[in-house]
Amino acid sequence: MTTYQKTSLSRPKDQAMIAGVCAGLARRFDLKPTTVRILFLLSCLLPGPQFVAYLVMWVLIPKS
């Protein structure tokens, strides 16, 4: 099992699939990146601005 340090919110380059938003959120909240990615994909099935929120986080969260 991989351990992640709880750090400030940033988008890691080494674990990024698209923009690194889910990997950054996973690192910040001490979760596995795959878990956050699956939760995001499941949330896209619900009505709401999830995709827009992802794009906003992509712009606002700095790269690490």
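Just a few scattered comments:
- What the Cα convex hull of the chain gives, in volume per residue, is 80 Å³.
- Remark on ARG11: its backbone amide H falls under 5 Å from those of LYS63, SER64, a criterion applied only to residues 5 or more positions apart or on other chains, H modelled at 1.01 Å from N.
- Solvent exposure, largest accessible area first (probe 1.4 Å, DNA, RNA and ligands not counted), of ARG37, ARG28: ARG28, ARG37
- FRET E, pair LEU39, LYS63, Förster distance 30 Å, beta-carbon r, rounded to 0.05: 0.85
- Solvent-accessible surface ranking, highest first, for ILE18, ILE38 at 1.4 angstrom: ILE18, ILE38
- Sequence of LYS63, LYS32 when ordered by accessible area, the most exposed leading, probe 1.4 angstrom: LYS63, LYS32
- When you filter the chymotrypsin sites (Phe, Trp or Tyr not before Pro) in the chain for DSSP loop state and at most 14 other Cβ atoms inside 10 Å of their Cβ, you are left with PHE29.
The values are calculated or read from the model by the stated rules, or taken from the named source; none is laboratory data. Predicted model, so just to flag it, every value in this text is computed and none were measured. Note: ideal-geometry Cβ built from the backbone for every residue, glycine included; neighbour counts use all protein chains shown. Note: accessible area is taken over every heavy atom of the protein model, side chains too, but ligands, DNA and RNA are not part of it. Shrake-Rupley method; radii C 1.70, N 1.55, O 1.52, S 1.80 Å.
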